[in-house]
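K.L.:
The structure follows.
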Amino acid sequence: MALFPAMTRLTLHAPAKVNLFLAITGQRSDGFHDLVSLAVPLDWGDELELRVLAEGAGRAGGAGAQSGETRLRCEASTPACEVPASADNLVQRAAAAFRAATGFSRPVDFILKKRVPVGAGLGGGSSDAVAALRGLNALAAAENPRCALSEAALGELAAQLGADCTFFVHGRPAIMRGSGERVKPLNRSASATATADSGAVSASAASAFLRGQRLFLCKPAFGVNTAWAYGEMRERARAAGLASGSVYLAEEEAEALCERWRRAIGEGASDVRMLGALTFNNMEPVVFAKYPALPVLATEFRERFGLTLRMSGSGSACFAFLPAYADKPVAGAAAPSGALAAERALVEKLTDCVHALWGPTAFTRVVEIAGA
Ligand SMILES: C[C@@](CO)(OP(=O)(O)O)[C@H](O)COP(=O)(O)OP(=O)(O)OC[C@H]1O[C@@H](n2ccc(N)nc2=O)[C@H](O)[C@@H]1O
Ligand SMILES: Nc1ncnc2c1ncn2[C@@H]1O[C@H](COP(=O)(O)OP(=O)(O)O)[C@@H](O)[C@H]1O
C-alpha cells in the first residue's frame, strides 16, 4: 500500500446555482423553513484547487505542514467576491467535517478562486463546501479506497454544512424539498401531484430542454443575508396570524406550480418568455420591500424588454431567460449568427439598463444552465 497518496493536486469547478422556482411553504418546529424549489447549476462558478502538503516538522521547524492541517487562500476576482479565509469559511468547515468523519489527516492547502459574488442567492459558499468535500474524498480514495465516503455519506455530510449543499452533491437540475436537503434530480422526480404520464419525463427530454438555456444574471453591489430574509418571512407570517398564507405558499400549491415546470419540460416547450412566466420566488416580497432597487429593475425589464426578472434564492442576484436563443441549436452545433447577434445586442441593452439603475459596480453576466 502506498504510504503517500498518488494524487497530490486537483482542481474542481464549484458551480453557482439559480432557483428557477422557489416556494417557501412554512416554518418548522426546528426553526428552519420547508420549501419546494427547482434549482439548476450553472456553467460558471468558483474554482477550488487542493494540494497535498508534505508532512514535516511543522511551521515552527520551517519545513512542511502538520498532520490534519488545512490551509486556505482566497483569491477574489472582484471585491463583491471577497470572503475571509478564516475557520468560518465553508471550505474550512467542510474540511473539518470531512476529517472528523473519515480520520483523513493529510495536510491540505486549498486555493479558492472566488468569482461568484457573496450573499447573492447563487449558492457560492455551499458549492465551495461541496467541492472541498469532493476533493478531499478523491484524495482519501487515492490513498486508501476504504477511507472514501459513498455518495450517500457525502450527501449527509453536506447537509450538515448548509441547506443548499445537498443540491450541489447532485450537481444537476433538481427539485429540492424539506429545508433543501431532500433533493431529486429533475429527470427522476415525481411530484406529489404527478400522474403516471406527466411524471414520466424522460432523462433525455429534461436534459435537452434545460441544458444550455441561457440566462442573463445581475447583482447589485449589496448582498442579502439569507437568515435575515427567512427571519423576515417568519415575522410577517406571525403578524399575519391566520392569514400567514399571504407569506408562505401552501405545499400543495407549490407542488402544483412545480408540476407546471415538469410539464413544460416534458413537452419540450421552448418559448423562453413562457419560461420566465413560470419562474417564481415568494421570498421576493420581503427582500423587495427592503431593497427597492430590485423591483425597480424588474419593472424596467418587463416594460422595456418584455422579460421577467426573477430573484434567485434570498437574493440579491436576479436572472432572466434570454429570448434570442429561442431557436437554441442542438448541443455542439454552432448557433445561427443572427441569433447570436440579436442576443449580443439585447445583452448590451440589459447591461446598460442594470448599470443605469444599480450603478457601475453592479455585476452582470450571461450564463448557461449546466449539468442536465
Ligand atoms: C434561500 C436558499 C434557496 O435555495 O438559497 P440562498 O439564497 O441562500 O442561496 C436556501 O434555502 C438557503 O440555503 P443556505 O444558504 O444553504 O442556508 P443555510 O446557510 O443552511 O441557512 C442560513 C439560515 O437561513 C435560515 N434557513 C435556511 C434554510 C431553510 N430551509 N430555512 C431557514 O430558515 C436559517 O435561519 C439558517 O440559519
Ligand atoms: N467560501 C465561501 N464563499 C461564499 N460565502 C461564504 C464562504 N464561506 C462562508 N461564507 C459565508 O456564507 C454566507 C453566504 O454565502 P453565499 O453562499 O455567497 O450566499 P447565498 O447563501 O446567498 O447563496 C456569507 O455570510 C459568507 O460570509
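Just so you know, all these numbers are worked out from the coordinates, no wet-lab data involved. Just so we're clear, the structure is a prediction, and the values are computed from it rather than from any experiment. Here the Cβ is made from the backbone with ideal geometry for all residues, glycine too, and neighbour counts use every protein chain on show.
K.L.:
Would you mind classifying region 111-192 by shape? Square roots of the alpha carbon gyration tensor eigenvalues, ordered a ≥ b ≥ c; an a/c under 1.5 is rounded, otherwise it is prolate if a/b is larger than b/c and oblate if not.
P.N.:
Because a/c hits 1.5 or more and a/b fails to exceed b/c, region 111-192 counts as oblate.
K.L.:
Rounded to the nearest 0.05, what FRET efficiency is calculated for ARG236 and ALA293 with R0 set to 22 Å and r the Cβ-Cβ distance? Show your work: numbers first, answer last.
P.N.:
Values: r = 21 Å, r/R0 = 0.93.
Approximately 0.60, to the nearest 0.05.
K.L.:
Over region 9-188, what is the relative contact order in whole percent, taking alpha-carbon pairs under 8 Å and six or more residues apart? Intermediate values should be presented prior to the final figure.
P.N.:
Values: 382 pairs, mean separation 45.3, N = 180.
Relative CO of region 9-188 lands at 25 percent.
K.L.:
Could you tell me whether region 88-147 comes out rounded, prolate or oblate from its Cα gyration tensor? Rule is a ≥ b ≥ c as square roots of the eigenvalues, rounded for a/c under 1.5, then prolate if a/b exceeds b/c, otherwise oblate.
P.N.:
In terms of gyration-tensor shape, prolate.
K.L.:
Okay, next question. For an R0 of 30 angstrom, estimate the FRET efficiency from the Cβ-Cβ distance between CYS147 and HIS13 and round to the nearest 0.05.
P.N.:
Details: r = 24 Å, r/R0 = 0.80.
The formula returns an efficiency of 0.80 here.
K.L.:
Which pairs in the list LYS17/LYS114; LYS113/LYS219; LYS17/LYS113; LYS219/LYS349; LYS184/LYS290 are over 21 Å apart, alpha-carbon to alpha-carbon? The partial results should precede the final answer.
P.N.:
Details: LYS17/LYS114 14 Å; LYS113/LYS219 19 Å; LYS17/LYS113 17 Å; LYS219/LYS349 16 Å; LYS184/LYS290 33 Å.
Flagged as over cut-off: LYS184/LYS290.
K.L.:
Also, I was wondering about something else. Figure the gain on full extension for ALA87 and ARG304 (residue separation times 0.36 nm, minus the Cα-Cα span) and round it to one decimal in nm. Show your work: numbers first, answer last.
P.N.:
On the way: separation 217, 0.36 × 217 = 78.12 nm, distance 4.57 nm.
Separation in residues times 0.36 nm, less the Cα-Cα distance, equals 73.6 nm.
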